[in-house]
Amino acid sequence: MLTQRLIAGMAVVLGCTLAGCGGGGGGGTEPTTRSLAIADQTASPGSSITVPVTVSNAAGIAGIDITLTYNPSLLTATDAATTTLTSGFLVQKNITSGQIQISMANATGIASGSGALVNITFSVSSGATSGQSCPLTITSHSLYDQNAAAIAHQVQNGVFTVG
């Protein structure tokens, strides 16, 4: 995927091979399964809302590929940005009606912590009616360590409600 190519390219730029970059890509006492989650969200018609995609135990994560779908009659994605955990990551996003694809990569994995991996900003339709809702669904998802190896994880989707 794109993130794996970004990680590989970053390793070359930094003058190391993927096999010899060293550091936090798994092992030790780290759990092998993590959870990506989107909490339920509420916002008013015509407003802007930032929706974090969070992770439990971010240690070792160096690459992220996420596709999130939503109802385009209620929401319009406008941006995807790094967070404290992913500061320094390269971000590529592709926004189409009802979908945002996000790829993020860094040459080294996150040292430790849990919390937001990416903040997605949405505009709420000014024509939306209070009580309308739609799923916020992560339809495609991959996490990688700095050697571009997949990291096992589970997903919890959320719901957006017009308030």
Q. Of the residues that make up segment 89-105, is at least one over 27 Å from Thr42 (Cβ atoms), of a type in the set (A, V, I, L, M, F, W, C) and over 14 Å from the mean Cα position of the chain (by Cα)?
A. no
Q.
When you check Thr42 against the structure, is it in contact with a Gly (Cβ under 7 Å, 6 or more places away or on another chain) and not in a strand (DSSP E or B), yes or no?
A. no
Q: Could you check Ala39 against (1) over 20 Å from Val155 (Cα atoms); (2) surrounded by fewer than 16 Cβ atoms within 10 Å (Cβ to Cβ); (3) modelled with pLDDT of 95 or more and say which number it fails?
A: (1)
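The values are calculated or read from the model by the stated rules, or taken from the named source; none is laboratory data. The model shown is predicted, which means the values in this text are computed figures rather than measured ones. We place every Cβ from the backbone using ideal geometry, glycine too, and count neighbours over all the protein chains shown.
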